[in-house]
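Here is the structure we will look at, set down as structure tokens.
The values are calculated or read from the model by the stated rules, or taken from the named source; none is laboratory data. Since we're looking at a predicted model, the values are computed, not measured. Glycine gets a Cβ as well: all are built from the backbone with ideal geometry, and neighbour counts include every protein chain shown.
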Amino acid sequence: MENIKLYFITYNVGTSVPEQELFELLSLPDESKHEKNNHLPDFYVMSFQEVKAQPQNLLLDAIFEDPWTNACREVLEKRDYVKLKSIRLQGLIMSVFALRKHLLNVREIESEYTRTGLSGIWGNKGAVSVRLSIYGCSLCFVNSHLSAHDNHLKDRVEDYNSIVKDHEFHVPEHTEIFYHE
């Protein structure tokens, strides 16, 4: 297996939308300025929290890409990246992109989610995850958005335990978050 470079982004967007191309967020050179970078990551794992999600738009949100994933995809596809998987739980989103040259070596892609808001009924808090195998190495990425502030520490610990317990994958030997390399 060759060395693989992964680039992780976690960003609480606070219901904002991208107002410009995301070169800086993705640590990419701006091609319009003729900047070059030969050391691009092999994979991007992007986690966004508090992406605007309104109850009346649930159907549209399920069909169309959110503005953050869309903006990242528009920049990355010009550099030969392909979106492998995206999962959304209300305002919580995770998307994984890979350079096209790695596609034949990516296997067993799955996603999972756990709602923890309003005792597990509402998805404003919780976690989403994506697991996959790259060149035979199994990886699991988790994006969570839990209750804030010191007085909610007990809730966060309970939610964490619930997420770890409830995320079940279907790949033998890698059925739980911590069963990955």
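Against the criterion of being touching a residue at least 24 places away in the same chain (Cβ under 8 Å), assigned to a strand (DSSP E or B) and of a type in the set (Asp, Glu), residue 108 qualifies. The residues of the stretch 27-51 that are out of contact with any Lys or Arg (no Cβ under 6 Å at 6 or more places or on another chain), of a type outside the set (Ser, Thr, Tyr) and modelled with pLDDT of 85 or more, listed by number, are 28, 40, 43, 45, 46, 48, 49, 50, 51.
Going through the stretch 1-14 one residue at a time, which ones are modelled with pLDDT under 90 and out of contact with any Cys (no Cβ under 8 Å at 6 or more places or on another chain)?
2, 3
Looking across the stretch 156-181 at every residue that is among the hydroxyl-bearing types (Ser, Thr, Tyr) and part of a helix (DSSP H, G or I), the one that is surrounded by the most Cβ atoms within 10 Å (Cβ to Cβ) is identified as 162. Assess whether residue 128 counts as being surrounded by 21 or more Cβ atoms within 10 Å (Cβ to Cβ), modelled with pLDDT of 95 or more and over 18 Å from residue 26 (Cβ atoms). When the stated conditions are applied, residue 128 passes them. Does residue 98 satisfy the condition of being surrounded by 12 or more Cβ atoms within 10 Å (Cβ to Cβ), of a type in the set (Gly, Ala, Ser) and under 23 Å from residue 2 (Cα atoms)? Yes: the conditions hold for residue 98.
Yes/no matrix, rows are residues, columns are (1) touching a strand residue (DSSP E or B) at 6+ places or on another chain (Cβ under 7 Å); (2) modelled with pLDDT under 75; (3) in a loop (DSSP other than H, G, I, E, B); (4) under 17 Å from residue 92 (Cα atoms):
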residue: 18; (1), (2), (3), (4): no, no, yes, yes
residue: 21; (1), (2), (3), (4): no, no, yes, no
residue: 25; (1), (2), (3), (4): yes, no, yes, no
residue: 53; (1), (2), (3), (4): no, no, yes, yes
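Of all the listed residues (153, 139, 132, 103), the sole one being in a helix (DSSP H, G or I), closer than 18 Å to residue 7 by Cα and not basic (Lys, Arg) is 103. Pairs meeting the criteria (first residue in the stretch 8-28 and on the phi > 0 side of the Ramachandran plot, second residue of a type outside the set (Gly, Ala, Ser) and surrounded by 16 or more Cβ atoms within 10 Å (Cβ to Cβ), beta carbons under 6 Å, at least 6 apart or on different chains) are 14/50; 15/50; 15/52.
Give just the number: which of (1) surrounded by 16 or more Cβ atoms within 10 Å (Cβ to Cβ); (2) at pLDDT 85 or above; (3) not in a strand (DSSP E or B) does residue 61 not satisfy? (2) is the only condition that residue 61 fails. Kindly indicate whether residue 88 is basic (Lys, Arg), part of a strand (DSSP E or B) and under 25 Å from residue 172 (Cβ atoms). Considered against the rule, which asks whether it is basic (Lys, Arg), part of a strand (DSSP E or B) and under 25 Å from residue 172 (Cβ atoms), residue 88 comes out as no.
From the list 103, 146, the lone residue that is free of Cβ contacts under 8 Å to residues at least 40 places away in the same chain and either surrounded by 14 or more Cβ atoms within 10 Å (Cβ to Cβ) or charged (D, E, K, R) (or both) is 146.
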